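A.B. asks: Dumping the structure here so I can ask a few things about it.
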Ligand code: ADP
């Protein structure tokens, strides 16, 4: 723009100068021409006067003077019938008749005449002025326009000097003016367009810029507000969220996803997702999503199980990105695995007593049992069916706990429940020659009495079952700080360290045959664990093989 303005100003000034110079030259030429005409007329008058006084001699003198200088006007004397009598630059005898020359004809008729034409003799543009003399002859004075042009041309060097001077000045002026026009535009404060005091023609533009700036700021505020909103929402999501572009490069990662893939959310933008998670399932998932198909898969990462859902983002019929959602399904996965195992175990555990019952019944049916052995066989069928019943009861109890339905909590006295259980189990304890006693104080907690009873019952039953004759079982209930502590201590066979962490698993038994002998199902401690969990209680096992076991359950008192 700067160059354009400069060029425009400069050429305008230069053109104006050239035009002026040409005009001046033209005017000068005209001026000189009209002066030359007046001079020729004056000259003719002087020569006429001279000729009237000195006659032929005057003309002779002029001829002589003309031979020294060719700057004199051309003087011709023509007889009334047109014969040339004298010419100071040509031989009169050789010149043709001049009677038909317009200036001559006019002079003969009116006393004087003039004409301008290309001279036959000299071959130049010539001005002629003719005067009729008293004797009827005609005196003609002529001068070429070349002399006028020469006079005018003498001004040309001055004109050229003037043009050059003006051109230099124009350049300087154009430069200054250009800077004067451009600088205010360059120095515009676009941060505050309305504060500028420049050309009023720029006002609409500045008003528009100010408005667009306001709109832009408003849009930016809106965008950053939405961005913050998005970051707050995704930042607090426990699910991982990754946004990818259409080529699988990361656009944004929320903290949960960054933790899962162990990446820095600020430095992962632009990374290919497959450099973060290389699994084949992820490759297939992305491939499907980029082709526009929503797909899901389950991937194990760092010991956990995660469900990945990839949804394509479509814009104007093109897949422009992918939203990848990761859900932690470790617990669900483990629960499903447990359930599958539980179903398999239940079938197996139920099959064993049923097979025994069926076997005994078949032998009896075939008449292979002697009458005296009959009570023993029927007793076996009875004990196996009892085992079956207690197994089914335990399974039903666990299933109810698994269902996790709403259970009515009420103020329950743990000591009271312990006493009731102990008195219920006293016959079994007596049968096993085990002393069963309660100690402690009344501690009231909010809980489900039926579940609390089951906890105490199962712990006490185990303490009796896995005891030795003459042994002891002490049940104590006491309040300690914010906890209600239930302890069941026995002097039984104890549990080795490697089994202590596993005895709460479903159907886990340290010694299968001993457990079965005592009517164990392998589910008692699973029920205890589940019921304790519902009450927010913690269970501790302290056991030494051959010496005894202490099971401690700590209930929060709220
Ligand atoms: P079970 O019906 O077999 O008793 P539990 O789930 O109640 O099943 O107990 C799991 C296993 O833990 C038992 O088979 C037993 O080996 C062991 N156990 C539980 N309590 C005691 C205890 N007080 N002393 C020794 N071993 C125990």
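A.B. asks: Can you tell me how many residues within segment 478-502 are touching a helix residue (DSSP H, G or I) at 6+ places or on another chain (Cβ under 7 Å) and within 11 Å of the ligand (Cβ to nearest atom)?
C.D. replies: 3
A.B. asks: Right, here's the next one. Which of the following residues is surrounded by fewer than 16 Cβ atoms within 10 Å (Cβ to Cβ) and touching a residue at least 60 places away in the same chain (Cβ under 8 Å): 237, 241, 274, 251?
C.D. replies: Testing whether each residue is surrounded by fewer than 16 Cβ atoms within 10 Å (Cβ to Cβ) and touching a residue at least 60 places away in the same chain (Cβ under 8 Å) leaves just 251.
A.B. asks: For residue 49, which of the numbered conditions (1) exposed (fewer than 12 other Cβ atoms within 10 Å of the Cβ); (2) closer than 30 Å to residue 158 by Cβ fails to hold?
C.D. replies: Unmet condition: (2).
A.B. asks: For segment 513-535: of the residues being free of Cβ contacts under 8 Å to residues at least 60 places away in the same chain and under 19 Å from residue 392 (Cβ atoms), which is farthest from the ligand (Cβ to nearest atom)?
C.D. replies: Checking each candidate, the answer is 518.
A.B. asks: How many of the residues in segment 312-335 are part of a strand (DSSP E or B) and within 17 Å of residue 256 (Cβ to Cβ)?
C.D. replies: Number satisfying all stated conditions: 6.
A.B. asks: In the list 394, 413, which residue meets the criterion of being more than 29 Å from residue 506 (Cβ to Cβ) and either over 60 Å from the mean Cα position of the chain (by Cα) or in contact (Cβ under 8 Å) with a residue 12 or more places away in the chain (or both)?
C.D. replies: Of 394, 413, the one residue that is more than 29 Å from residue 506 (Cβ to Cβ) and either over 60 Å from the mean Cα position of the chain (by Cα) or in contact (Cβ under 8 Å) with a residue 12 or more places away in the chain (or both) is 413.
Okay, residues lined up against (1) in a loop (DSSP other than H, G, I, E, B); (2) modelled with pLDDT under 90; (3) crowded, with 19+ Cβ neighbours inside 10 Å; (4) under 60 Å from the mean Cα position of the chain (by Cα):
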| position | (1), (2), (3), (4) |
| --- | --- |
| 81 | yes, no, no, no |
| 96 | yes, yes, no, no |
| 104 | no, no, yes, no |
| 109 | no, no, no, no |
| 113 | no, no, yes, no |
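A.B. asks: Restricting attention to segment 331-347, which residues are surrounded by 16 or more Cβ atoms within 10 Å (Cβ to Cβ) and touching a strand residue (DSSP E or B) at 6+ places or on another chain (Cβ under 9 Å)?
C.D. replies: Scanning segment 331-347 gives a single hit, 333.
A.B. asks: In segment 398-415, which residue that is in contact with a helix residue (DSSP H, G or I) (Cβ under 9 Å, 6 or more places away or on another chain) and over 22 Å from residue 445 (Cα atoms) is nearest to the ligand (Cβ to nearest atom)?
C.D. replies: In this case the residue turns out to be 398.
A.B. asks: Please indicate, with yes or no, whether at least one residue in segment 461-477 is in contact with a helix residue (DSSP H, G or I) (Cβ under 7 Å, 6 or more places away or on another chain), within 14 Å of the ligand (Cβ to nearest atom) and under 17 Å from residue 391 (Cα atoms).
C.D. replies: Checked against the condition, which is being in contact with a helix residue (DSSP H, G or I) (Cβ under 7 Å, 6 or more places away or on another chain), within 14 Å of the ligand (Cβ to nearest atom) and under 17 Å from residue 391 (Cα atoms), segment 461-477 yields at least one hit.
A.B. asks: Please note which helices (runs of 4 or more DSSP H) are completely contained in segment 197-288 and include at least 2 residues that are more than 15 Å from the chain's Cα centre (by Cα) and farther than 23 Å from residue 302 by Cα.
C.D. replies: 203-236
A.B. asks: Within 21 Å of residue 436 (Cβ to Cβ), under 60 Å from the mean Cα position of the chain (by Cα) and surrounded by fewer than 20 Cβ atoms within 10 Å (Cβ to Cβ): is that true of residue 528 in this structure?
C.D. replies: Answer is no for this residue.
A.B. asks: Hey, among the residues in segment 433-453 that are crowded, with 21+ Cβ neighbours inside 10 Å and within 16 Å of the ligand (Cβ to nearest atom), which one's modelled with the lowest pLDDT?
C.D. replies: 451
A.B. asks: If you check residue 299 against the conditions, is it in contact (Cβ under 8 Å) with a residue 12 or more places away in the chain, touching a helix residue (DSSP H, G or I) at 6+ places or on another chain (Cβ under 8 Å), surrounded by 12 or more Cβ atoms within 10 Å (Cβ to Cβ) and outside any loop (DSSP other than H, G, I, E, B)?
C.D. replies: Spelling it out, residue 299 is indeed in contact (Cβ under 8 Å) with a residue 12 or more places away in the chain, touching a helix residue (DSSP H, G or I) at 6+ places or on another chain (Cβ under 8 Å), surrounded by 12 or more Cβ atoms within 10 Å (Cβ to Cβ) and outside any loop (DSSP other than H, G, I, E, B).
A.B. asks: Just give me the residues in segment 476-506 being under 21 Å from residue 533 (Cβ atoms) and in contact with a strand residue (DSSP E or B) (Cβ under 7 Å, 6 or more places away or on another chain), in sequence order.
C.D. replies: 477, 482, 483, 484, 485, 486, 487, 488, 495, 500
A.B. asks: Now a separate question. Kindly list the number of the only condition in (1) touching a helix residue (DSSP H, G or I) at 6+ places or on another chain (Cβ under 9 Å); (2) at pLDDT 90 or above that fails for residue 276.
C.D. replies: (2)
The values are calculated or read from the model by the stated rules, or taken from the named source; none is laboratory data. For clarity, every value in this text was computed on a predicted model and none was experimentally measured. Note that we place each Cβ from the backbone using ideal geometry, even for glycine, and neighbour counts take in every protein chain shown.
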